[in-house]
1. Test residue 148 against the criterion of being modelled with pLDDT of 95 or more, crowded, with 20+ Cβ neighbours inside 10 Å and within 12 Å of residue 133 (Cα to Cα), and give yes or no.
2. So the check is Cβ under 8 Å with 6+ separation or different chains; which pairs have a first residue in region 215-236 that's not assigned by TED's automatic domain parsing to the domain that holds residue 360 and a second one that's in a strand (DSSP E or B)?
3. Is one or more of the residues making up region 106-116 farther than 30 Å from residue 398 by Cβ and exposed (fewer than 15 other Cβ atoms within 10 Å of the Cβ)?
4. Would you pick out the residues in region 359-386 that are assigned to a loop (DSSP other than H, G, I, E, B), crowded, with 18+ Cβ neighbours inside 10 Å and over 20 Å from the mean Cα position of the chain (by Cα)?
5. Name the residue that is nearest to residue 120 (Cα to Cα), counting only residues in region 164-179 that are surrounded by fewer than 21 Cβ atoms within 10 Å (Cβ to Cβ) and under 23 Å from the mean Cα position of the chain (by Cα).
6. Quick one: residue 119 ticks every box in (1) more than 21 Å from the chain's Cα centre (by Cα); (2) outside any helix (DSSP H, G or I); (3) at pLDDT 95 or above except a single one, so which number is it?
7. Got a number for residues in region 122-149 being part of a strand (DSSP E or B) and within 22 Å of the chain's Cα centre (by Cα)?
């Protein structure tokens, strides 16, 4: 049988590489195998493979080396240094799907070996809005070599970290990226942290150099497909309108008897030069939350305790309930029910920003703490990836915009918040940033308390996939809208 697949492997320990090579060699389709040398591998320890000195697949120069060396119709990239165990006829199946779909890249579900246990790891379908640089393709990327060559030939920017991200974006501009919903291989999973611990990797200050490159690659892609938005962005007139008070802090809550009093008191202790209130939408709590709120409301009339008549509301629906209430102020400011403001100046600082920047939305920064309010890694999340000119574009690459979030109420009433309990704020943020100015506060305003009862503390792969797919679809809708906007303006 003709050898039609050239394989390129991320280098690890020699024994692990040899296990991967042995597995790949079981397919008669496998041709030459190349290994990127991280520096310690020796040719005599790796019989039958070629060592490459580029070192890392994440660099543009490495991908140019791949194109130079691959002389077969298909090219396989294995991105992990740990052993790979291909399933039976995995390469045959991938070549078949590329032929049937004209895909530029195919990827598949896989098994993950975690702490000695084999676990199924389904992935999700790729959409136009699947722009997250941490989109999970698994570790086996199977390319039509012609599509790979075309994408690499167009790379006029050299990256150290973002080359694979740049590559798949470029391939997606011309060819589909196709998921095979079959478990075609087994990889070793070394990152066994809970979902809540992984959640903030993309804004960890230690990863800043990587994030800068990822933003550059995403911006190039948005420009190529006609979805890039540019200033000037529209501004609000914060003096317009008549409201019962200047600002309302909004807390949706369900069953947070351990934390709701802290959250409420952090709001009611705010010092401002204007009137404000606190609207808590109690989504039919079944623990002691409701009693605590009733008691706190009896102490301070600024606390408006709402129990919705409907029982089908998510967090977004609770938000819409609050901003639709006639007692809502001109600016609606977010606080989660298990978090609290960092000091007594937060509300004043946010409202001042609305007036100074004439923005439709203000996004703050926050400090990660444990339940005892002690700082935990990665510390302050300042979302420095948001810049006034390119933040609205980079927002389509990342999974969140920061906290606390605050909105100009008249606009929020027009746009509305999706009635979900995940991604609802992100949906509004990317929608407003399409055309409106977004204000940023880079000092921490908010203590983000991480504990076992956070809604995202420990999600299984199915729930994580559900969340990620939802945000990918939000980005897809937004991409379509931005392309139309640019077409209308041209």
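The values are calculated or read from the model by the stated rules, or taken from the named source; none is laboratory data. Predicted model only: the values in this text are computed from it and were never measured. All Cβ positions, glycine included, derive from the backbone under ideal geometry; neighbour counts span all protein chains shown.
1. no
2. Pairs that qualify, where the first residue is not assigned by TED's automatic domain parsing to the domain that holds residue 360 and the partner is in a strand (DSSP E or B), are 233/436; 233/438; 234/436; 235/436; 236/408; 236/436.
3. Here is the first cut: in region 106-116, the residues farther than 30 Å from residue 398 by Cβ are 116.
After this cut, where a residue has to be exposed (fewer than 15 other Cβ atoms within 10 Å of the Cβ) as well, the list is 116.
Scanning region 106-116, I find at least one residue that is farther than 30 Å from residue 398 by Cβ and exposed (fewer than 15 other Cβ atoms within 10 Å of the Cβ), so the answer is yes.
4. Matches in region 359-386: 359, 360.
5. Among those residues, the one meeting the criterion is 179.
6. Only one criterion is unmet by residue 119, namely (3).
7. 2
Conditions (1) at pLDDT 95 or above; (2) part of a loop (DSSP other than H, G, I, E, B); (3) in contact with a strand residue (DSSP E or B) (Cβ under 7 Å, 6 or more places away or on another chain); (4) surrounded by 16 or more Cβ atoms within 10 Å (Cβ to Cβ), marked per residue:
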{"residue": "388", "(1), (2), (3), (4)": "no, yes, no, no"}
{"residue": "419", "(1), (2), (3), (4)": "yes, yes, no, yes"}
{"residue": "425", "(1), (2), (3), (4)": "no, no, yes, yes"}
{"residue": "430", "(1), (2), (3), (4)": "yes, no, no, yes"}
{"residue": "441", "(1), (2), (3), (4)": "no, no, yes, yes"}
{"residue": "458", "(1), (2), (3), (4)": "no, yes, no, no"}
